[in-house]
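Have a look at the structure below, then the notes.
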Amino acid sequence: MTIASNVKQCMVTLKSAKETLSKLAQKSRDDEAKRTFHESMMEVEEIIIDLQMRIGQLEFEEPQYKGK
Amino acid sequence: MLNWVEIVIRSFIFLIALFLLTKWLGKKQLAELSFFEYVTGITIGSIAAEVTMGLERHIMHGIIAMSIWTLFPIVMGLISLKNKKVRDFVEGKATIVIKDGKVMEDNLKKERYSIDELMEELRSKNVFQISDVEFAVIEPNGDVSVLLKKENQPLTAKDMQLKVAPIKEPQTVIMDGKVIDEPLSTIGLNRGWLNEELEKIGVSVDNVFLGQIDSYGQLTVDLYDDKIQVPTPQEKPLLLASLKKCQADLELFTIQTESMEAKQMYNHNSQKLNQILSKLTPLLKT
């Protein structure tokens, strides 16, 4: 396992968490909870973008490990 | 006319009259009868019985008497809604019997409550020691209401300064194996979604005795067949666990990486995720 694949795995987990959060934001009936879920989703999204950029850099540095 | 035929007719007339009049008196009657309302209720019933059986009496007389006995409490109720003084007079006022932890003997005497009766009422509220009580009143309907001293009150989330997830009333969407559409559409869901959820836990609608949706859109079911184990909803604990894992990962990357720039980015994001986690934990823990 390389760093790149570890980071990628983390990013993917966050992506699925983001989906769950958006689902919960839709389904929740309490406005406060809805907002919290939605805000968290947006913040997770920002983290995902950061990680994606880092993955790009890592793959550039070690192209032999470039995976899907 | 034969006597028994007349009794049948009268019975039906007064049954219907009684039913309509009590409907008219309203729900309050059942919940909190004041003594006056209690007595009028009995009287209305007695009049109905009297006129049903006493064939020498005129039906109209009975109806008139019943109407007046019904009308009067209603009018009194309407006036006392508007006027506090009338309300105090008609419905009575609460009497304070314990204040600052001390028994008000004079007020007890005024209500003709012995200390034994007061203790009995308190015991039925699970209070065995008078010194645990900060404040107690005898309500107009005879009940005793008790405010315990703060340290004797049950612990609440607020006392613990705990953040708890807000809840809304659950909606019952399946009863006796049949989907109920109205509550389902109240919360903006449809049969398609419900069928999908049921498929996820592997049961069919016919087998569901009761299905409810909580404030976070999770479906919980009770089956006819109690031998089948239904999986508990995993969505929220799973989300919490995976977010925690990612947070740990990010911390690990912070330590592992040699690039300063990346270190900063990981550190920043791990802190951000930490904040998200502290916000979400109360919501996801339930």
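The values are calculated or read from the model by the stated rules, or taken from the named source; none is laboratory data. Everything numeric in this text was worked out from a predicted model, so none of it was measured. So basically every Cβ, Gly included, is an ideal-geometry build from the backbone, and we count neighbours across all protein chains shown. Side chains are part of the model used for accessible areas, which takes the heavy atoms of the whole protein and leaves out ligands, DNA and RNA. Shrake-Rupley method; radii C 1.70, N 1.55, O 1.52, S 1.80 Å.
Residues in the stretch B:95-152 average 67 Å² of solvent-accessible surface per residue, probe 1.4 Å, ligands and nucleic acids excluded.
Under the Kirkwood approximation for Rh and a Cα-based Rg, what ratio Rg/Rh is obtained for the stretch B:171-233? That ratio equals 0.92. Mean partner shielding of peptide B:261-268, defined as the number of other chain Cβ atoms within 10 Å of each residue Cβ, is 3. Residues whose amide H comes within less than 5 Å of that of B:Leu223, counting only those at least five positions distant or on another chain, are B:Phe209 (H built at 1.01 Å from N in the peptide plane).
Overall, the protein assembly as shown carries a charge dipole of about 600 debye about its Cα centre when +1 sits on the Cβ of Lys and Arg and -1 on the Cβ of Asp and Glu, all other atoms neutral. Applying the Karplus relation 6.51 cos²θ - 1.76 cosθ + 1.60 with θ = phi - 60° to the stretch B:90-95 yields 3J(HN,Hα) values of 6, 9, x, 10, 6, 10 Hz, where x marks Gly and Pro.
Residue by residue, the stretch B:264-281 carries 3J(HN,Hα) couplings of 4, 4, 4, 4, 4, 5, 5, 5, 4, 5, 4, 5, 4, 4, 5, 6, 7, 3 Hz when phi is fed to the Karplus relation 6.51 cos²θ - 1.76 cosθ + 1.60 (θ = phi - 60°); x denotes Gly or Pro. Annotated for chain A: lysine pairs at least 8 residues apart or interchain, Cα distance under 27 Å, count 15. In a reduced charge model with +1 at each Lys and Arg Cβ and -1 at each Asp and Glu Cβ, chain A shows a dipole moment near 360 debye about its Cα centre. The relative contact order of the stretch B:95-152 comes to 38 percent, based on Cα pairs under 8 Å that sit 6 or more residues apart. Taking all protein chains together and rolling a 1.4 Å probe, A:Met53 ends up with roughly 120 Å² accessible.
For the stretch B:163-174, backbone phi angles converted through the Karplus equation (6.51, -1.76, 1.60; θ = phi - 60°) give residue-by-residue couplings of 8, 10, 6, x, 10, 10, 5, x, 10, 8, 10, 10 Hz, Gly and Pro being listed as x. For the segment A:6-14, counting C-beta atoms of other chains within 10 Å of every residue's C-beta and taking the mean gives 5.
Over the protein assembly as shown, DSSP H runs of length four or greater, each weighted -39,500 (n - 2.57), average out per residue to a 222 nm ellipticity of -20000 deg cm²/dmol.
The relative contact order of the stretch B:236-284, computed from alpha carbon pairs under 8 Å that lie at least 6 residues apart in sequence, is 48 percent. Distance from the Cα centroid of the stretch A:1-67 to that of the stretch B:35-52 is 72 Å (rounded to whole angstrom).
Taken over the alpha carbons of the protein assembly as shown as equal point scatterers, the Debye sum produces base-10 log I(q)/I(0) values at 0.09, 0.15 Å⁻¹ of -0.87, -1.15. Here the gap between B:Ser278 and B:Asn3, fully extended at 0.36 nm per residue and compared with their Cα-Cα distance, gives a gain of 90.9 nm.
Taking the Cα centre of each part, how many Å lie between the stretch B:1-23 and the stretch B:177-247? About 51 Å separates the Cα centre of the stretch B:1-23 from the one of the stretch B:177-247.
Can you tally the net charge around B:Met175? Count Lys and Arg as +1, Asp and Glu as -1, for every other residue whose Cβ sits under 14 Å from the Cβ of B:Met175. That sum, taken over residues with Cβ under 14 Å, equals -4. The residues A:Asp30, B:Asp226, B:Asp181, B:Asp88, sorted by heavy-atom accessible surface at 1.4 Å with ligands and nucleic acids left out, run B:Asp226, B:Asp181, B:Asp88, A:Asp30 from largest to smallest.
Backbone amide hydrogens, once placed in the peptide plane, bring B:Leu148 within less than 5 Å of B:Glu134, excluding anything fewer than 5 places away on its chain. Placing R0 at 22 angstrom, the Cβ-Cβ distance between B:Val103 and B:Phe35 gives a FRET efficiency of 0.35 after rounding to 0.05.
Normalised by 2.2 N^0.38 Å, where N counts its residues, the alpha-carbon radius of gyration of chain B equals 1.68.
Buried area at the B:A interface is about 2900 square angstrom, summed over both chains, from accessible surfaces computed with a 1.4 angstrom probe.
Counting every pair of alpha carbons in the stretch B:3-89, the share spaced more than 23 Å apart comes to 29 percent.
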